[in-house]
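The values are calculated or read from the model by the stated rules, or taken from the named source; none is laboratory data. None of the values given here were measured: they were computed from a predicted structure. Cβ sites come from the backbone with ideal geometry, for glycine too, and all protein chains shown count toward neighbours. Heavy atoms of the whole protein, side chains included, go into the accessibility calculation; ligands, DNA and RNA do not. Shrake-Rupley method; radii C 1.70, N 1.55, O 1.52, S 1.80 Å.
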Amino acid sequence: FQAEIKPEDGGLVAQVYVNDWARVRKGDSLLRVDTREGEVVLQKAKAALEMAKASLLEAEAAGNRADREYDRAVKLQESGLVTRQGMDDARTQKEAASARIAAAKAQVDAAREDVTHAETRLSKAMVRSPFDGIVAERLVNVGDLVGEMQKVVFRLVDNRLLELTVSVPS
């Protein structure tokens with residue numbers, strides 16, 4: 001068995017952990033791509049998530065206030081102290097507050113997805129061995145740019161099981 005190892009995400013090679021003919025096990029680190037940009041993207045995504053959470057709390061507080069105002073208007077309408085327009089305004093504000101809460105929840109979900117996406121991209125900076133084997137060829141050095149043209153960085157061979165075909169004269 002053999003595989004041509006290519007990084008999923010591009011960038012400059014920061015570290016190479018193995019040389020030619022090194023024995024590796026499944027999951028061993030082969031190389032690491034520079035992660036500085038990915039770390040910045042992750043921090044921005046986390047900050048956006050915190051802002052979305054704060055917006056949700058603000059929308060929930062406004063929703064609670066709109067609910068209280070609507071309940072107050074219902075009680076005053078029973079006494080005949082609120083006009084039809086006042087009641088309609090209270091209902092509209094309650095519905096608008098509910099819509100703002102739903103929008104804020106959607107923003108929190110989207111921000112969580114952005115954080116997950118950034119973490120996934122950051123985890124792809126480490127190229128790992130897909131199976132036990134030997135590094136037959138190392139085609140990359142520190143400072144090389146990888147991932148742009150799907151450049152092969154390692155050739156990995158599992159030579160524990162070999163098949164031999166020969167011709168034998170009679």
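Listed values, structure above:
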read-out	value
Filter result for R100 (in contact with a Gly (Cβ under 8 Å, 6 or more places away or on another chain), among the charged types (D, E, K, R) and part of a helix (DSSP H, G or I))	yes
Lone qualifier among V127, V115, V82 - being of a type in the set (V, I, T) and closer than 30 Å to L156 by Cα	V127
Qualifying residue in the stretch 69-92 (condition: open to solvent by 60 Å² or more (accessible area, probe 1.4 Å), among the basic types (K, R), over 30 Å from I134 (Cβ atoms) and under 38 Å from the mean Cα position of the chain (by Cα))	no
Residues that are touching a residue at least 40 places away in the same chain (Cβ under 8 Å) and of a type in the set (V, I, T), drawn from the stretch 1-44	I5, V13, V16, V18, V24, V33, T35, V41
When residues of the stretch 27-44 are limited to those that are in a helix (DSSP H, G or I) and open to solvent by less than 60 Å² (accessible area, probe 1.4 Å), the one nearest to E137 (Cα to Cα)	G38
Residue in the stretch 111-127 that is in contact (Cβ under 8 Å) with a residue 60 or more places away in the chain and in a strand (DSSP E or B) present	yes
Residue list for the stretch 45-60, restricted to those being touching a residue at least 60 places away in the same chain (Cβ under 8 Å) and either of a type in the set (S, T, Y) or open to solvent by 100 Å² or more (accessible area, probe 1.4 Å) (or both)	M51
Tally of residues being in contact with an Asp or Glu (Cβ under 7 Å, 6 or more places away or on another chain) and open to solvent by 60 Å² or more (accessible area, probe 1.4 Å) across the stretch 122-167	5
Tabulated pairs, the stretch 150-165, first among the small types (G, A, S), second at pLDDT below 80, C-beta under 6 angstrom, 6+ apart or interchain	none
Selected residue (criterion: farthest from R100 (Cα to Cα)) from residues of the stretch 40-60 that are under 13 Å from the mean Cα position of the chain (by Cα) and among the basic types (K, R)	K44
Long-range neighbours under 6 Å by Cβ, at least six apart or interchain, first residue under 16 Å from R100 (Cα atoms) within the stretch 61-84, second modelled with pLDDT of 90 or more and aliphatic (A, V, I, L, M)	A62/A97; G63/A97; G63/I101; A66/A97
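So that you can scan it fast, the table gives a plain yes or no per residue for (1) at pLDDT 95 or above; (2) part of a helix (DSSP H, G or I); (3) within 16 Å of S123 (Cα to Cα):
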| position | (1), (2), (3) |
| --- | --- |
| D9 | no, no, yes |
| E50 | yes, yes, no |
| A54 | yes, yes, no |
| E58 | yes, yes, no |
| G63 | yes, yes, no |
| D67 | yes, yes, no |
| M87 | no, yes, no |
